[in-house]
Amino acid sequence: AACDADLAPRQRAMPDYAGALNYAYHLDAGKFAALLARHGVAKLGVRHVRDHVVAVAQAEDGDVVAVETRDHGAIAGDLFVDCTGHAALLIGGTFGVPFVDRSGELFNDRALAVQVPAAPGSAIASQTTATAHAAGWIWDIGLPTRRGVGCVYASAYMTDDEARATLADYLARTAPGADLDALAPRRLTFRSGHRERFWVRNCVAIGLSAGFLEPLEASAIVLVELSLEALLAGFPATRDAMDVHARRFDQLFRYRWDRIVEFLKLHYVLSERIEPYWRAHRDPATIPPRLADQLRVWRDQPPSTLDLPHADEIFPAASYQYVLYGMGAAPPPARPAPGAAVAAVAQVDQRARALVAGLPTNRAYLDALARDHASLEATA
């Protein structure tokens, strides 16, 4: 109900990071990266060097001892984080760790992305919208001054021209007057998959160097955060312990990548669309074995912590329930008494009405936030 009404998940009077609903952020990724860089340098003692790596120096045992840069010479270290993006200069280029291709399960490999200007005062959607089309889906993310819209598709089932026409049709319906040619769509190509290992010798791959999956559930940022948390929690005090930490890290993140692939695949397996792309997604040969087993179990009982036992699952059992039953899967026989189920539904309805009555619109909230920030800057 809150999303349907374009409402914010919190009120201005609430403490920082508190909310009437769980929420995440829609943000300008470029500006956010610049903010993090400034914060790291000003507050955390980070030395920020922008340069190109032209060579990697290794010790006899294989450890990286330094990266050679074009303009700043050699940068030595004891532990290196490979955050070189898809290039994966260290984990792939230096250590040759194989790439595990998951395109047999997740077919999408291209996207067309545009930025659509938002009219002043127009509504800002509270949620990312994902809309299926004949051979993929379209994302739509609202920001105060623009919308980020992208058509994700599988080149084996849709040509680039067909994808462009699909995106144009979507914009004609959701952004009348938008000129796709003037918006200059960016064409992106990608391959869904991840490295076979993520920590080799004294090198840890984090971010795109570790892997990439289509952004249906926007898992890239959370994987970066969880990777950093795991690195810090198990930071090796000595080189002797590093290989043990590496094995643990690899086991944990192979588990996480596999679970993300399964959760993404679930969206496709449940669809009843009849286009070849969607029928291919329901082919049992393309469904991960563990997910196929879970689907058999979930005919008789809902997803639970028995299926997803980790304390910090990226997608816990509730997430699977939302997708399963939200996409029309038949729920198992009700276990609670009918009266209890009716009472629970009534409680949810009452909560929804209270939220709609008490929360500001996303536009009103963000505009007030911008005014407050401008006032602070003016008086600083």
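The values are calculated or read from the model by the stated rules, or taken from the named source; none is laboratory data. Just so it is clear, the structure is predicted and the values come from calculations on it, not from any experiment. Virtual Cβ from ideal backbone geometry, glycine too; neighbours counted across all protein chains shown.
Quick notes
- The strands (runs of 3 or more DSSP E) located wholly in region 106-217 that include 1 or more residues which are touching a Phe, Trp or Tyr at 6+ places or on another chain (Cβ under 9 Å), touching a residue at least 60 places away in the same chain (Cβ under 8 Å) and not β-branched (Val, Ile, Thr) occupy 110-117, 129-133, 136-142, 193-195, 203-205.
- Single condition ALA24 does not satisfy, out of (1) loosely packed, with under 12 Cβ neighbours inside 10 Å; (2) of a type in the set (Gly, Ala, Ser); (3) not in a loop (DSSP other than H, G, I, E, B): (3)
- In a residue-by-residue description of region 218-226, the property of being of a type outside the set (A, V, I, L, M) and either surrounded by 17 or more Cβ atoms within 10 Å (Cβ to Cβ) or closer than 24 Å to HIS26 by Cα (or both) applies to at least one position.
- Checked against the criteria, ALA18 does not count as farther than 20 Å from ILE141 by Cβ, free of Cβ contacts under 8 Å to residues at least 12 places away in the same chain and outside the structural domain of ARG363 (by the TED database).
- Selection of first residues in region 253-276 that are free of Cβ contacts under 8 Å to residues at least 40 places away in the same chain and of second residues that are among the charged types (D, E, K, R) and buried (at least 16 other Cβ atoms within 10 Å of the Cβ), restricted to Cβ pairs under 6 Å at least 6 apart or on distinct chains, gives an empty result.
- Checking each residue in region 78-94 for being part of a loop (DSSP other than H, G, I, E, B) and surrounded by fewer than 21 Cβ atoms within 10 Å (Cβ to Cβ) picks out ASP78, LEU79, CYS83, THR84.
- Whichever residue in region 232-242 is free of Cβ contacts under 8 Å to residues at least 40 places away in the same chain and part of a helix (DSSP H, G or I) and, among such residues, is surrounded by the most Cβ atoms within 10 Å (Cβ to Cβ): ALA241
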